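Accompanying notes for the structure given below.
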Amino acid sequence: QVQLVESGGGLVQPGGSLRLSCAASGSIFSINGMGWYRQAPWKQREVVATITSGGSTNYADSVKGRFTISRDNAKNTVYLQMNSLKPADTAVYYCNAEITSWTTGGRAYREHWGQGTQVAVSS
């Protein structure tokens with residue numbers, strides 16, 4: 001079984017910073033793209049940032065210049081450094097990873113999601 005475990009959420013004042021981490025574990029053969037998504041109350045889940053296995057990144061317009069996504073392939077971990085946080089960034093943040101895992105029948109590829117971590121930006 002493959003698991004994604006997130007950490008680093010919390011309550012922060014506007015203008016503050018947080019760093020989210022998401023570690024993948026289990027019978028992993030390889031990981032392709034990884035990313036962070038968020039869902040605010042009463043809104044649909046939206047992409048925040050993605051990163052390929054080669055390190056190419058993409059960001060939502062709303063976070064460009066404030067958030068930085070990175071990954072450590074040796075640790076199967078993706079990070080999201082969030083600076084200059086705004087109340088509008090308040091949401092549950094989910095990590096996502098495209099993982100090929102070992103199974104009894106060989107290998108299987110699918111997307112995996114973390115359980116989510118709450119980020120609240122408020123004074």
- [ ] Take peptides 54-65, 21-32, 85-96, 5-16 and line them up by average Cβ neighbours within 10 Å, highest first, as a rough protection proxy.
- [x] 85-96, 21-32, 5-16, 54-65
TODO: Throw me the Rg/Rh for the chain, computed over C-alpha atoms with Kirkwood Rh, two decimals.
DONE: 1.00
Task: Solvent-accessible area, 1.4 Å probe, carbon plus sulfur percent, for region 37-110 - done: 48
Open item on the list: Can you compute the modelled spin-label distance between Trp102 and Lys86, with each label point 7 Å from Cα toward Cβ, in nm?
Closed with: 4.6
Task: Residue-normalised accessible area of the chain, given per residue in Å² at a 1.4 Å probe - done: 55
Task: region 27-38 - phi-based ³J(HN,Hα) in whole Hz, Karplus 6.51/-1.76/1.60, Gly and Pro as x - done: 7, 9, 8, 7, 10, 8, x, 10, x, 10, 10, 9
Task: Candidate lysines - alpha carbon under 27 Å from Lys75, same-chain residues fewer than 8 apart omitted - done: Lys64
Open item on the list: Cut-off 14 Å, label point 7 angstrom out along Cα-to-Cβ of Ala40: give me the residues of region 81-100 whose amide nitrogen falls inside.
Closed with: 85-93
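The values are calculated or read from the model by the stated rules, or taken from the named source; none is laboratory data. This structure is a prediction, so every number in the text was calculated from the model and none was measured. Note that each Cβ is placed from the backbone with ideal geometry, even for glycine, and that neighbours are counted across all protein chains shown. Protein only, heavy atoms only, side chains kept; ligands, DNA and RNA dropped before computing areas. Shrake-Rupley method; radii C 1.70, N 1.55, O 1.52, S 1.80 Å.
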